[in-house]
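The structure appears right after this line, and notes come after that.
Every number in this text was worked out from the coordinates using simple rules, so none of it is lab data. Owing to the predicted nature of the structure, the values given are computational and were not obtained by experimental measurement.
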Amino acid sequence: MNYNPMQKSKLMGNLAFTLYEVLGYLLPGGVTFFAFIVIYWALFVPGVPPGIASFQVGPVTWTAAILVSYILGHAAQAVGNLCFHGVESTLLAPQNGSAPKWMRERARQTASEILKVNSDQLNPRWIFSTLDEYAVQTGKLGDRDLFVYREGFYRGTLLSLFFLSAAILVRMFVPSASIMFTKGLSPISRWELFTTAAVISGIGYLFLNRYKRFAEYRVTQSVIAAIVIHTLSLGRISTTADHTPSIELPPPSPGQTSQTRPTEANGKTTLP
């Protein structure tokens with residue numbers, strides 16, 4: 001069997017797309033779907049115990065549940081984009097950004113050189129978008145996709161977990177909560193519901209910290225990658241005797257080399 005790099009690249013791209021669909025949409029949407037079920041149970045049928053032992057569904061029901069979860073996952077990501085945004089401004093703000101000063105300055109300078117516009121016209125969001133697209137167009141992605149997948153997963157899932165925790169609290173204030181097991185009916189106390197909601201909220205808080213970390217990784221990795229690629233395209237990085245980085249421009253191509261002509265004593269150029 002012949003090895004085809006193009007087929008392998010296409011296969012990896014499809015696999016990455018599938019992973020993002022599952023981690024970014026399907027799992028958060030499944031948690032959101034379960035939260036809606038809990039709310040429906042609390043508000044409309046509070047006295048009916050859900051039967052775990054007798055829970056049997058067919059392929060059509062599973063297909064519908066997966067489809068609804070996928071749609072709710074998109075809705076969760078949409079809400080997440082409204083609630084969690086501006087990480088670029090937090091890191092790359094010229095005055096009070098959390099990224100190092102040298103990174104903020106070099107990012108603004110590099111984006112200005114790439115777009116051929118005044119740096120004063122670029123806000124942090126446009127700076128990041130320019131540098132990220134520049135790194136993508138050069139094919140130097142690094143771990144960018146990994147950071148994007150995990151950022152989307154943690155963002156959508158943390159919102160779904162907080163929503164599920166709120167749904168359980170709603171069920172806590174409605175009496176007669178119970179679950180049907182194989183051995184009989186098992187009542188659920190308010191303390192048990194509160195503890196469950198607290199644990200789920202704690203997991204959501206941990207996911208919030210993970211989201212912030214991977215969002216920062218995504219921005220800083222793209223910025224540094226674009227700066228390095230742009231610097232290398234201009235010349236070669238070297239180190240002087242005092243360990244100061246310097247850039248040596250590459251020699252011009254033969255077509256761009258200007259032919260030097262001898263000059264006479266009076267400064268005039270002699271014709272060949």
**Request:** Based on a Kirkwood Rh over C-alpha pairs, give the Stokes-Einstein translational diffusion coefficient of the range 78-210 at 20 °C and viscosity 1.002 mPa s in µm²/s.
**Result:** 116 µm²/s
**Request:** Please report how many Lys pairs in the range 71-229 have alpha carbons closer than 27 angstrom, counting only residues at least 8 apart along the chain or sitting on separate chains.
**Result:** 5
**Prompt:** What fraction of the Cα pairs in the range 14-114, stated in percent, has a spacing above 22 angstrom?
**Reply:** 57 percent
**Complete:** Counting only residues 5 or more apart in sequence or on a different chain, those whose built amide H sits under 5 Å from that of Ile179 are Ser186, Ile188
